[in-house]
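The values are calculated or read from the model by the stated rules, or taken from the named source; none is laboratory data. Fair warning: this is a prediction, and the values are worked out from it, not measured in the lab. Neighbour counts are summed over all protein chains in view; Cβ atoms, including those assigned to glycine, are modelled from backbone coordinates with ideal geometry. When the accessible area is computed, the model is the full protein with side chains, heavy atoms only, and any ligands, DNA or RNA have been set aside. Shrake-Rupley method; radii C 1.70, N 1.55, O 1.52, S 1.80 Å.
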Amino acid sequence: MWIILGLFSALGLGFYDVMKKISVRDNNVLTVLLLNTLFGTLLLSPVLVETVANRGFGAGGGFMGQMLIMLKAIIVLSSWILGYFAIKHLPLTIQGPINASRPVMVLVGALLIFGERLNWVQWIGITLGFLSLFMISRIGSKEGFSMRKSIWLWMSIGATFLGAVSALYDKFLLTRFQPLQVQAWYSLYQLILMSVTVGLLRLNGHGGGRFRWRWSILGISLFLTGADLCYFYALSIPGSMISIVSMIRRGSVLVPFLYGVFVLHEKNIKAKLIDLGLLIVSLGLLVLGSLAVN
């Protein structure tokens with residue numbers, strides 16, 4: 001069941017990336033992100049109201065429990081800020097595969113922290129994943145997004161690293177809290193943090209440029225909320241493996257990749273298709289390996 005939830009989460013994340021790309025094009029990135037946190041909090045507000053009404057603000061661990069969730073909000077929001085700027089300036093067919101490197105980082109953490117182990121099928125999948133990442137880095141250099149010159153590339157890498165940290169932290173949080181409780185409270189804390197950040201920047205004359213409303217901004221929150229619900233419940237199921245769930249979620253790269261090819265007409269598609277094929281095989285082997293275990 002947790003594998004199916006991971007696949008639904010991947011689909012939602014794919015459309016989430018497309019909505020981000022549409023929303024931040026020639027737009028104020030921080031305002032788009034602020035509205036995303038607002039809509040996300042509104043979607044989950046029934047959970048917040050129920051929690052406070054029935055159990056009080058400190059439900060699920062009291063003040064220290066809320067601080068643990070606050071830390072989750074800080075990690076995710078930092079990743080989002082970097083990721084939103086990266087997706088605005090990088091081709092989707094480059095940014096997507098970079099984001100797909102997150103399971104590699106999660107895998108190292110899962111092995112060291114949680115003692116998770118993979119079978120030989122899953123290890124073959126991981127090896128192909130490494131090969132895929134090497135190929136996309138070479139393609140990126142050909143398009144002018146080299147490690148030495150592109151700040152947007154480094155922002156994408158930073159966002160991916162923080163996303164991996166967040167994924168590992170989720171496994172810790174979900175041993176102490178219910179999935180909806182985590183998602184609702186960290187969404188609220190993100191809204192507060194983002195509101196303060198944007199407010200301070202505007203007071204100092206750094207508004208970030210003109211903002212244009214697009215309905216895709218609402219789509220960001222809808223797809224992300226749905227993807228996260230599937231993700232949290234997948235991790236809460238006994239026997240779920242964070243390294244595998246995280247890799248399955250990277251299958252989301254298919255949706256923005258196809259959008260970049262057929263709508264945005266991005267370059268070097270043949271080479272990127274070979275790389276994407278390796279990634280698909282890698283994900284498939286990881287899913288097959290997890291089915292063999294469970």
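Anisotropy class assigned to the range 195-280 is oblate, per the alpha carbon gyration tensor with a/c at or over the 1.5 cut-off and a/b no larger than b/c. Seen through its C-alpha gyration tensor, with square-root eigenvalues sorted a ≥ b ≥ c, the range 79-179 comes out oblate because a/c lies at 1.5 or above while a/b is not bigger than b/c. Per residue, the range 79-167 exposes 46 Å² of accessible surface when a 1.4 Å probe is rolled over the protein heavy atoms with every protein chain present.
Positive end of the dipole of the chain (Cβ unit charges, origin at the Cα centre): among Val281, Phe134, Pro103, the Cα lying farthest that way belongs to Phe134. Look at the dipole of the chain built from charges on Cβ: of Ser9, Phe172, Trp80, the Cα furthest out on the positive end belongs to Trp80. Applying a DSSP loop filter and a limit of 11 other Cβ atoms within 10 Å to the trypsin sites (Lys or Arg not before Pro) in the range 165-237 leaves Arg210. For the chain, a simple Cβ point-charge model (Lys and Arg +1, Asp and Glu -1, everything else neutral) yields a dipole of about 680 debye relative to the Cα centre. Label-to-label distance, Arg202 versus Leu111, with points set 7 angstrom from Cα along the beta-carbon direction: 4.8 nm. Once the Cα-Cα distance is subtracted from the 0.36 nm per residue extended length, the Ser195 to Ile237 segment shows a gain of 11.7 nm.
Ignoring lysines fewer than eight residues from Lys267 along the same chain, the ones with Cα atoms less than 21 angstrom from its Cα are Lys20, Lys21, Lys88, Lys142, Lys149.
Computed over the chain, relative contact order equals 44 percent, with contacts defined as Cα pairs under 8 Å that lie 6+ residues apart. Here Met67 and Lys270 are evaluated by their C-beta separation; at R0 = 45 Å the FRET efficiency comes out at 0.35.
Within the same chain, aspartates and glutamates fewer than 8 places from Lys171 are excluded, and of the rest, those with a Cα less than 19 Å from its Cα are Glu116, Asp228. Tell me, how many Å apart are the Cα centres for the range 1-49 and for the range 175-252? Here the two parts' Cα centres lie 6 Å apart.
Quick one: net charge of Ser23's neighbours, Cβ under 12 Å, K/R +1, D/E -1? Could the numbers behind the result be given before it?
Details: positive: Lys20, Lys21, Arg25, Lys88, Arg212, Arg214; negative: Asp17, Asp26.
With Lys, Arg at +1 and Asp, Glu at -1, the neighbours total +4.
For the range 101-250, the carbon plus sulfur part of the accessible surface works out to 69%, probe radius 1.4 Å.
Could you tell me which of rounded, prolate or oblate describes the chain, using a ≥ b ≥ c as the square roots of the eigenvalues of the alpha-carbon gyration tensor, with rounded for a/c under 1.5 and, failing that, prolate when a/b is larger than b/c and oblate otherwise? Oblate, because a/c is 1.5 or more while a/b does not exceed b/c. Return the whole-Å distance between the Cα centroid of the range 67-120 and the Cα centroid of the range 141-165. So the separation of the two Cα centres works out to 12 Å.
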